[in-house]
Amino acid sequence: MLRISKPGEDGAIALEGRLVGPWVDELERVVAEAPATSALTIDLRGLVFADGAGVSLLRTLRAAGLKLVGGSGFVGALLGTERRDEGGT
């Protein structure tokens, strides 16, 4: 299950749950229907998992200029944006 909060005045879409199966298409629809004048941000703080299609969509949205914020280390690893400690092994 995935909860998608449609963009408000701040242009943020919040995701809560699992971005899998039919929810991938639903997120794509929500983004496509968002006003083109707003700079969209996708808040990933509540996202706990994404399947291959979900990860692919998030990467595509990021490449298209949407800002992805607040993802966990796990989600960051899926997207290839995880932070590594500097100086560590």
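Restricted to region 34-55, and to residues there that are assigned to a helix (DSSP H, G or I) and in contact with a strand residue (DSSP E or B) (Cβ under 9 Å, 6 or more places away or on another chain), the residue that is surrounded by the fewest Cβ atoms within 10 Å (Cβ to Cβ) is 53. Pull out all pairs, ordered by first then second residue, where Cβ-Cβ is under 9 Å, the residues are six or more apart or on different chains, the first lies in region 1-15 and is closer than 15 Å to residue 70 by Cβ, and the second is among the charged types (D, E, K, R) and at pLDDT below 90. Every condition considered, the pairs that remain are 13/6.
The rows are residues; the columns are (1) small (Gly, Ala, Ser); (2) assigned to a helix (DSSP H, G or I); (3) surrounded by 15 or more Cβ atoms within 10 Å (Cβ to Cβ).
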site	(1), (2), (3)
9	no, no, no
13	no, no, yes
16	no, no, yes
32	yes, yes, no
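Do we have residue 74 as surrounded by fewer than 17 Cβ atoms within 10 Å (Cβ to Cβ), among the aromatic types (Phe, Trp, Tyr) and in a helix (DSSP H, G or I) here? Against the criterion (surrounded by fewer than 17 Cβ atoms within 10 Å (Cβ to Cβ), among the aromatic types (Phe, Trp, Tyr) and in a helix (DSSP H, G or I)), residue 74 qualifies.
The values are calculated or read from the model by the stated rules, or taken from the named source; none is laboratory data. Quick caveat, the model's predicted, so the values are computed rather than measured. Quick reminder, even Gly has a Cβ in these numbers, built from the backbone with ideal geometry, and neighbours come from all protein chains shown.
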